[in-house]
Amino acid sequence: MEEIIHTDIPFIFIPAARGTGKTFNALATYTEDREEIILLRRTQKEVNLQNDRRGTGSSFCEVFGFLGKEFHVVKAGDIGMVINDTDNYTAATNVALNTFASVRGSFNYQHIKRVFYDEFIAETHVRRMKNEGMALANFYESISRNRELSGEKPLQLLCAANAVNIANDTFLYFNLVSAAEEMISSMEEIRLIGNKLLIIPQKSPISEKKAKTALYQAVDQEFTEMAIKNKFVLNDFSYVHKRSLKEYTCLFNVGDLYIYHHKSRSEFYVTFTRGQTKEIYQANYSGLEKMRRDKYRYVGYYLDGMIRFENYRAIALFERYFNII
């Protein structure tokens, strides 16, 4: 994690198995560097746990204990600061993505060089935020401002989470779904995509040892595959099949997607390959509302397994356009 953080890459995404040291080693690196960061979480409820004055709810609790240092939490409105008692080192400002707009004027962030977004992929039991990827981009812009125009390095955003959903809104917004899908298929672990670094650990010695512990002897396979084997448990890849368009007729277009129908059987195909059609829907509010009204039967076709997709990004966009998730 130290090597990853010390790169100049501005956007880093690490979906990895549980308990492999993502959070601890990231925070330990920042702390040993004596660098103040923003610790970003998805919701204010999560931040409130971090802001517990006793410090027991803070992600820094274990880190400072390991380093043999004391700390306490100082609250500033909806924002919490973790302070090292001995030399007044401010380790982090805790911020929630879903409430950032209301508190962004509460502190000075011009000196912040790094943001750690922990648990950026919502767990299966956690309610998802609408337009979460856009909210993250707006947050980044608010913190970064025009520093690069003044010759400074870009703000670094490190996002870490458990592997739950390859089609999470952040991956969609940052155009990472297809790359992640390819990496999983080929067992590739590290890929640089422009100024974005995507790391998907495929094998972990720690996970192999954890598989023999009591919990993983007791729970079902789905939890084990997510927590130990780093599989995206919310994603069913069985409907991802590339098709030759010679056997299909293009029906309509919505946003980046083109929906085709097979010429001789009851099968639909969703792809990014352009087709000739007069039915075109824009991927904005009014366009999607009209499309959902006109094409509501396609939700049933999807649930009945009648639709095949070019890749998982096509599934993710189809679900978003039709409000299936």
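Please treat every number below as a calculation from the coordinates, not as lab data. None of these values were measured; they are calculated from a predicted model. Please note: Cβ atoms are built from the backbone with ideal geometry, for glycine as well, and neighbour counts cover all protein chains shown.
Stretching the chain fully between Asp304 and Arg292 yields a gain of 2.6 nm (0.36 nm per residue, less the alpha carbon separation). Cross-link pairs exceeding 31 Å in C-alpha to C-alpha distance, out of Lys75/Lys203; Lys153/Lys242; Lys75/Lys130; Lys196/Lys290; Lys113/Lys242; Lys196/Lys295, comprise Lys75/Lys203; Lys153/Lys242; Lys196/Lys290; Lys113/Lys242; Lys196/Lys295. In this structure the amide hydrogen of Ala92, modeled in the peptide plane, comes within under 5 Å of the amide hydrogens of Ile37, Val82, none closer than 5 places in sequence on its chain.
Note on Phe66 and Asn175: with the Förster distance fixed at 30 Å, the Cβ-Cβ geometry gives a FRET efficiency of about 0.20. For Lys22, the aspartates and glutamates whose Cα falls under 14 Å of its own Cα, not counting residues fewer than eight places away in the same chain, are Glu2, Glu3, Glu62, Asp118, Glu119. Distance between the modelled labels on Gln282 and Arg34, one decimal in nanometres: 5.4 nm (7 Å Cα→Cβ projection). Computed FRET efficiency, Cβ-Cβ of Arg274 and Gln110, R0 41 Å: what is it to the nearest 0.05? E between Arg274 and Gln110, to the nearest 0.05, is 0.35. Across segment 119-186, C-alpha contacts under 8 Å between residues 6 or more apart give a mean separation that, scaled by the residue count, equals a relative contact order of 46 percent. Here the gap between Lys75 and Ile193, fully extended at 0.36 nm per residue and compared with their Cα-Cα distance, gives a gain of 38.7 nm. Modelled label positions at His241 and Leu149, each set 7 Å beyond Cα in the direction of Cβ, lie 5.2 nm from each other.
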